[in-house]
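J.: The structure's right below; bear with me while I get my questions together.
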Amino acid sequence: MLKSKPMVFLLLLALLAPMPAVASAGSQAPFHAAVAQEGEAPIENLDRGDFGGGSNPQQNFNPFSPTVLSGATTWLFEPLMIINAYSCEVIPWLATEFAWPDPQTLQFTIREGVTWSDGTPFTAEDVVFTHKLGQAFPALDTDQAWDVLTDVVAEGNTVTFTFNTPAGAQFSNLVDNPILPKHIWEAQADPVTFLNEEPVSTGPFLVESFNPQQLVMVRNPDYWQAEKVQVQRLTYTKTEAGGQVAQLALGEGRYDWADQFQPGIEETYVAKDPEHNKYWFPAGGSVSLMMNHSKAPFNDPAFRQGIAYAFDRESMAQRAAFGYTGGSTQAFLTLPNQEIYLDPSIPDQGFLPHDPAKAIEILTAGGYVMDGDSLTKDGEPVNVTFSVPASFNDWVQAAELVREGLGEIGINVEIDSKDPDLVFDERKAGNFDMTFDAPGGGCNLWAGYNYALGGSDAPTPVDTPVDFNYIRFNSPETQALIDQLQGATDIEAQTPIAHQLQQMMMTQVPFIPLWYGPVWFEYRTENAEGWPSAENPYAHPGNPLVIITNLVPPAAA
Amino acid sequence: MIYFVRRFAVFLLTLWAAITLNFIIPRLQPGDPAERIVRRLNPNSRTVDPNQVEAVRKMLGLPDTNIFEQYLQYLQTLVRGEFGVSYSYFPFTVTHMIGQTLPWTLVLGAVTLFIGFVVGTLLGAWAAWRRNGPFDSVTTLGATFLGTLPSFWIALLLLYVCAFKWGWFPVGGGYSGDAQPGWNWAFISSAFEHSVLPAVSILLFAPIGWILGMRNNMVTILGDDYTRLAKAKGLSERRIALWYGARVAVLPNVAGLALAVGGILGGSVVIEQIFSYPGMGRLLFEALRDGDYPLMQTVFLFIIIGVLLADLVADFLYGVLDPRVRRGG
């Protein structure tokens, strides 16, 4: 038996005694508190939720950093042009015009009259400097643009990018990059770890105050289109993005503007204040059935064409996406907004019906035999394992519908739901049968095809991890089309190639788009109006700079 | 002397084993830290951009040397006291992040541990002294009942009812956004206000173990011969309860306290997550989620060293105080 004195207890307490003082979190720079005193904009403040940087955000305004306060840098650093992610139109921003003199040369005309927040004029040199950062520091080249880029030069107010290959598809990546002030960043020895604690920027808002719980952005009165910005302040409050606290707070009407998943949005949000609480969930990328082409029966086009008719896509959208979006087209486009790219000769815009009889017909013609209740090939029943990340509840629900749909045509599916990292690792290595993924959805059609099928002229061997074309689709013709699409610089050149790729999607069925994943966007009309909506889809929720320049006070709307 | 040398050798051996396991276990997780970080940066997107993953991988400088070289490097950096740069909080160092979060967890954990220990021990002693009376029944049954409830559920309930429904307390966070962290009244009062619900959630459960442990020890002791002797000598009831019963019965609880001190960090994960408390438990949770090996290893190392040191100190003290332990080994 242990025997001791209460002294043990006292000594242990003494161990605790040198408790450090309460955290002093981050030095507080004065920022721009005094900037906007006179002439305040009519919308006093909009409340928002999380602002990035993890649960212990640090003062970091380096837009390349994974712990950047993205709630701030969204408003600080602007791109050359904005691609309206809904309509796919190009909106001039820090550049006023662009041209492709040839498919390997891209030129921008830089906007004049823009100044950095410290008064320095914004010039073409800033654009060149920003893009060359990715060359000098590969860790900052988030698009791997320097794989194809050979040089960037400024001449007057023109910036010219030259590529080593026709590079039309690089356009959206290039225009997207936030432009940084050369005169600040060139003095930094290591821009990768630079914290940029007192940012110099061109954007519509400046940092007013920051502590780890709250970030306040204040209107930049010297913004180059300041007359369009009618919001004086944006106040972000730290919550875990998408966590329960954020969901409750949204329901309480504490956010004027949010982009989070909300379960039962009609009851938990809209019903609390039907007059002001609104949402719009446009369609994003297609959640698709991905099949491993390195093994039978998935390497058989007849099998893939057949099972494409086995699914009730609307039920899937209903169950997995709460009916916010619908089933998606086999043509691998986000419809209706990307209809300009659609081949009009494809029947029903490529929307395939749920038709088990037709599925069995195609399968039978392809050499499969219905033996009683089960589908067989060469006397062997077809069994499939479906891997799904266990924490993606909507996907787990939809996997059940995949099982039912394939069950109807005699294919036995075993659902294997497990840790997401296991699913992703097996996917990369090519050790899976079927799984879900959500490729595409953006305006850059090439990026969608390249992610899903890029490298299909020489698929990566199984057990060698790969990110692109992990389904190991083998089709040199498809790869040739993808390469052509990469080079095409305008919609006239892109459309015919896109049509051929859509035909390939319909006949080869390398993967099966099932339903559109919704893009989350909630807004309140109490303090501001002019939000994009299903009725007025002038911008995508992912275009905040476009939205902010369209917001007006409620009375004026 | 041999006793102390032997205890110290055991301490070193355990420490080495723990440090090695600390290196191996996180690396058994599947997945790629760079990919997880990109996923976290795009929370609404189910696909990751492989180009962005590649850039983040270069940024973090993820090692491509073999696992044994990594292990040797790990040992070297530990000896030098360098814990490296955090993956999930790049470019901040692990030490910087722990310095920011440790005080929150230590203050919350130590205060609640101390209160829980004192309250639990006193209640247990009182229940044992008045054993089988109404107070004993209520305390023992109440503690047993509370112990069966899931603590995270109670915490969620408190958060929902007291913070959301009634608005008595702030909803999560360590302090309000208006307060500037530092030694000023606005900040300290705000931090206190924010700590009430997490503290209550811990305190509802903290005394249970101490109550039951104390009561059971003391009931046994009060039946011992020497207690009866004390009664026979005609000592006062209070004196017998405190100096013959409680004083001896508290010793196993004190040993338990040593382990509980080391457990403060580990036990804070759930509560800090629920209340979005800016402490080290939440940091550990994020490190696990993002595959942040440097941060994970360091937090675990702190926990391990905390427990082992507390244990070693307790061992040494017993050695000093009880000659039988020293001789018997």
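Quick note: the coordinates plus some simple rules give every number you see, no bench work behind them. This is a predicted model, so every value here is computed, not measured. Every residue, glycine as well, gets a Cβ built from its backbone with ideal geometry; the counts of neighbours run over all protein chains shown.
J.: Divide, for chain B, the radius of gyration over alpha carbons by 2.2 N^0.38 Å, where N is the residue count.
T.: Its radius of gyration relative to the 2.2 N^0.38 Å reference: 1.22.
J.: At 222 nm, what helix-only mean residue ellipticity would chain A give, in deg cm²/dmol to the nearest 500, using -39500 (n - 2.57) for each DSSP H run of four or more?
T.: Using -39500 (n - 2.57) per qualifying helix, the result is -7500 deg cm²/dmol.
J.: Another one. Do me a favour and compute the ellipsoid semi-axes for segment A:142-201 from its Cα gyration tensor, root of five times each eigenvalue, largest one first, whole Å.
T.: In descending order, the three semi-axes are 25, 14, 11 Å.
J.: Would you work out the charge dipole size for chain A about its Cα centre, treating the Cβ of every Lys and Arg as +1 and the Cβ of every Asp and Glu as -1, and quote it to the nearest 20 debye?
T.: 1280 debye
J.: Taking a cut-off of 19 Å between Cα atoms, list the aspartates and glutamates near B:Lys165, but don't count ones fewer than 8 places away on the same chain.
T.: Within the straight-line limit of under 19 Å, B:Lys165 reaches these aspartates and glutamates: A:Glu252, A:Glu267, A:Asp273, B:Glu193.
J.: If you add up the charges near A:Leu248, with Lys and Arg at +1 and Asp and Glu at -1, over every other residue whose beta carbon is less than 12 angstrom from its beta carbon, what do you get?
T.: Neighbourhood net charge equals +1.
J.: Another question about this same structure. Taking only the Cα atoms of segment A:379-424, how large is their convex hull per residue, in Å³?
T.: 57 Å³
J.: Continuing with the same structure: Given labels modelled 7 Å from the Cα in the Cβ direction, how far is it in nm from B:Arg131 to A:Lys418?
T.: Roughly 5.3 nm, to one decimal.
J.: Name all residues of segment B:14-55 having a backbone nitrogen under 20 Å from the label point set 7 Å from the Cα of A:Ala429 along its Cα→Cβ direction, giving them as ranges.
T.: Answer for this model: B:24-36.
J.: State the dimensionless ratio Rg/Rh of segment B:128-172 (Rg: radius of gyration of Cα atoms; Rh: Kirkwood radius).
T.: Ratio of gyration radius to Kirkwood radius: 1.24.
J.: Take peptide B:86-96, look around each residue's Cβ out to 10 angstrom, count Cβ atoms belonging to other protein chains, and average those counts.
T.: Counting Cβ atoms of other protein chains within 10 Å of each residue's Cβ and averaging gives 4.
J.: What aspartates and glutamates sit close enough to A:Lys418 to cross-link, taking a C-alpha to C-alpha distance under 18 Å and skipping anything fewer than 8 places away on the same chain?
T.: A:Asp394, A:Glu400, A:Glu426, A:Asp433, A:Asp437, B:Asp32, B:Glu35, B:Asp290
J.: Please report the net charge: other residues with Cβ closer than 11 Å to the Cβ of B:Ala127, K and R +1, D and E -1.
T.: +2
J.: Now for a different question. Specify, per residue and in Å³, the volume enclosed by the convex hull of the alpha carbon atoms belonging to segment A:283-518.
T.: Spread over its residues, the Cα hull of segment A:283-518 gives 112 Å³ apiece.
J.: Calculate the tail of P(r) for segment B:1-157: the fraction of all Cα-Cα distances greater than 29 Å, expressed in %.
T.: Counting pairs separated by more than 29 Å, the tail of P(r) holds 53 percent.
J.: Starting from the alpha-carbon convex hull of segment A:419-467, give the projected area averaged over all orientations, in nm².
T.: So the mean shadow area of the Cα hull is 3.8 nm².
J.: From the alpha carbon gyration tensor of segment A:184-228, can you work out the equivalent ellipsoid semi-axes (sqrt of 5 times each eigenvalue) and give them in Å, largest to smallest?
T.: 23, 17, 6
J.: Please say if segment A:414-552 is rounded, prolate or oblate, where rounded means a/c under 1.5 for a ≥ b ≥ c the square roots of the C-alpha gyration tensor eigenvalues, and otherwise the choice is prolate for a/b larger than b/c and oblate otherwise?
T.: Oblate, because a/c is 1.5 or more while a/b does not exceed b/c.
J.: In degrees between 0 and 90, to the nearest 10, how far off the longest principal axis of chain B does helix B:94-129 point, with axes built from Cα atoms?
T.: 20 degrees
J.: A further question follows. Out of every Cα-Cα pair in segment A:496-539, what percent are more than 13 Å apart?
T.: Looking at segment A:496-539, the distances longer than 13 Å represent 72 percent of pairs.
J.: To the nearest 20 Debye, how big is the dipole of segment B:184-286 about its Cα centre, given +1 on the beta carbon of each Lys and Arg and -1 on that of each Asp and Glu?
T.: 620 debye
J.: Could you work out the local net charge near A:Pro554, counting Lys and Arg as +1, Asp and Glu as -1, over the other residues with Cβ closer than 13 Å to its Cβ?
T.: Local net charge: -3.
J.: Suppose we keep just the alpha-carbon trace of segment B:2-61; what are its Rg and Dmax in angstrom?
T.: For segment B:2-61, the Cα radius of gyration and maximum Cα-Cα distance read 19.8, 61 Å.
J.: Once both labels are modelled 7 Å past Cα along the beta-carbon direction, what's the B:Val79-B:Phe11 spacing in nm?
T.: Those two pseudo-labels are separated by 2.1 nm.
J.: Alpha carbons only, please: Rg and Dmax for segment A:459-499, in angstrom.
T.: Calculated on Cα positions, Rg and Dmax stand at 13.0, 40 Å.
J.: How large is the Kirkwood hydrodynamic radius of chain A, counting all unique pairs of alpha carbons, in Å?
T.: The Cα-based Kirkwood calculation yields 26.2 Å.
J.: Sticking with this one: What average number of partner chain Cβ atoms lie no more than 10 Å from the Cβ of the residues making up B:154-161?
T.: What the average comes to for B:154-161 is 1.
J.: A further question on this structure: Could you work out the mean count of beta carbons from other protein chains within 10 Å of each residue's beta carbon in A:187-193?
T.: Per residue, the number of nearby Cβ atoms from other chains is 2 on average.
J.: Dipole of segment A:425-516 (Lys/Arg Cβ +1, Asp/Glu Cβ -1, origin at the Cα centre): which of A:Gln502, A:Trp515, A:Cys443 lies farthest to the positive side?
T.: A:Trp515
J.: What length, rounded to one decimal in nm, is gained on full extension from B:Val138 through to B:Ile188, with 0.36 nm per residue of separation minus their alpha-carbon distance?
T.: Roughly 14.3 nm would be gained on extension.
J.: A 26 angstrom limit on the alpha carbon distance is what I want to check against. Which of A:Lys228/A:Lys278; A:Lys358/A:Lys428; A:Lys228/A:Lys272; A:Lys238/B:Lys58 exceed it?
T.: Flagged as over cut-off: A:Lys358/A:Lys428; A:Lys228/A:Lys272; A:Lys238/B:Lys58.
J.: Ok, one more. Run the dipole for segment B:2-61 about the Cα centre, Lys and Arg Cβ at +1, Asp and Glu Cβ at -1, nothing else charged, and hand back the magnitude in debye, nearest 20.
T.: With Lys and Arg at +1 and Asp and Glu at -1, about 240 debye.
J.: Going highest first, how would you order A:248-258, A:338-348, B:305-315 by mean Cβ packing within 10 Å?
T.: A:248-258, B:305-315, A:338-348
J.: Still on this structure: Cut-off 10 angstrom, C-alpha nodes, Gaussian network model of chain B. Which of B:Ser236, B:Ser86, B:Ser189 fluctuates the most?
T.: It is B:Ser236.
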